[in-house]
Amino acid sequence: MLNRRAVLSASIGVGLLAGCTLSPDQDHTGVDAPHAAPLARPVRTAWVFSSGGPRGFVHVGVIKALSEMGLAPDLLVGASVGAVVAVMYGCGKSARDIERMALDLKPLSLGRIAIGGNMRLSGSAISDLVRSEVDGLLLERMRTPVVCVAARMSDGRVMGFNAGDAGIAVQASCAIEGQFTPVRIRGEQYVDADLYQPLPVRLARQLGASRILAVDASAHEERAPAGTERYRPGDLRKRALTEPDARAADVTLHPEFGYYVNLSREYRELAIAAGYRSTMAAAKQLTALHAAA
């Protein structure tokens with residue numbers, strides 16, 4: 001949503017001491033450049049994590065609860081911040097490790113000035129962080145298959161990268177349009193899919209998933225407090241984009257934890273706790289979903 005996106009990009013702008021990059025439009029063309037490839041094995045159960053900026057920390061709480069229930073997916077599909085969490089879990093990190101990483105993260109370190117062009121931020125620090133955290137593991141080598149969702153700028157087509165460099169794939173998925181420089185892969189520029197398909201359930205269906213848990217990290221616009229009227233058009237646009245995919249999932253979790261966002265540790269704790277509570281409240285339904293024939 002426009003206000004969440006603005007908060008995130010403005011906050012990162014304060015932290016530009018993280019450095020800069022001299023090649024914001026590097027074309028990734030090597031053998032390990034992200035790409036879509038046939039899945040190595042059939043999938044049944046998919047977890048789909050939406051975009052959502054700082055609200056996306058809710059996904060960490062969902063994973064924490066699902067892990068405690070002993071549930072696991074055959075496929076992880078993530079958009080933007082959802083892709084970050086999906087890759088962290090897909091590479092084999094425990095829910096506890098992911099939560100620790102989320103709380104220790106210094107969000108202001110993830111923006112670098114993109115020298116040249118219109119001086120937007122580069123997400124290369126995101127790529128570096130992901131690559132370091134997964135020890136350079138390629139997407140196709142993940143313990144649980146992962147799809148990082150991004151949108152192709154030339155035509156708005158939503159793409160699912162499930163092979164190649166995990167860091168570059170996540171960077172492309174997190175490239176908020178108009179705020180972060182697009183990521184060029186094999187001649188095409190890719191951006192965050194938030195303006196196209198922020199909750200990519202239908203993509204998971206296309207990949208063969210027959211049982212889908214979707215986690216929607218967007219705000220509950222119907223509970224927006226007074227004074228937020230200027231954000232209403234953006235909220236309604238986001239709801240129009242998420243609703244078809246929410247309906248296409250078998251179970252959709254949409255945790256509620258307030259309207260406004262920030263990047264503080266306290267806010268992250270709030271989001272994680274909300275995701276955990278929402279998931280535990282649906283424990284019976286989720287257990288049945290994963291056990292279905």
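The values are calculated or read from the model by the stated rules, or taken from the named source; none is laboratory data. All of these numbers come straight from a predicted model, not from anything done at the bench. Every residue, glycine among them, receives a Cβ derived from its backbone with ideal geometry; neighbour counts consider all protein chains shown. Ligands, DNA and RNA are excluded from the accessible area calculation, which covers all protein heavy atoms including side chains. Shrake-Rupley method; radii C 1.70, N 1.55, O 1.52, S 1.80 Å.
Here are the numbers for this structure:
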quantity: Surface/4 estimate of mean projected area, convex hull on alpha-carbon atoms of segment 24-102, nm²; calculated: 6.8 nm²
quantity: Burial ranking of peptide ranges 235-248, 83-96 (average Cβ count within 10 Å, highest at the top); calculated: 83-96, 235-248
quantity: Protection proxy ranking of 134-146, 258-270 - average other beta-carbon atoms within 10 Å, highest first; calculated: 134-146, 258-270
quantity: Rg in Å to one decimal, and Dmax rounded to a whole Å, for segment 69-194 via C-alpha atoms; calculated: 14.2, 49
quantity: Average projection area in nm² (convex hull over Cα atoms of segment 247-293, one quarter of hull surface); calculated: 4.3 nm²
quantity: Order by protection proxy (mean Cβ within 10 Å, highest first), peptides 180-192, 54-66; calculated: 54-66, 180-192
quantity: Span per principal axis, largest first, for the Cα atoms of the chain (Å); calculated: 53, 50, 35
quantity: Tail beyond 17 Å, pair distance distribution of segment 202-249 (Cα, percent); calculated: 44 percent
quantity: The chain - percent of accessible surface contributed by carbon and sulfur, probe 1.4 Å; calculated: 54 percent
quantity: Probe 1.4 Å, accessible area per residue of segment 82-236, Å²; calculated: 39 Å²
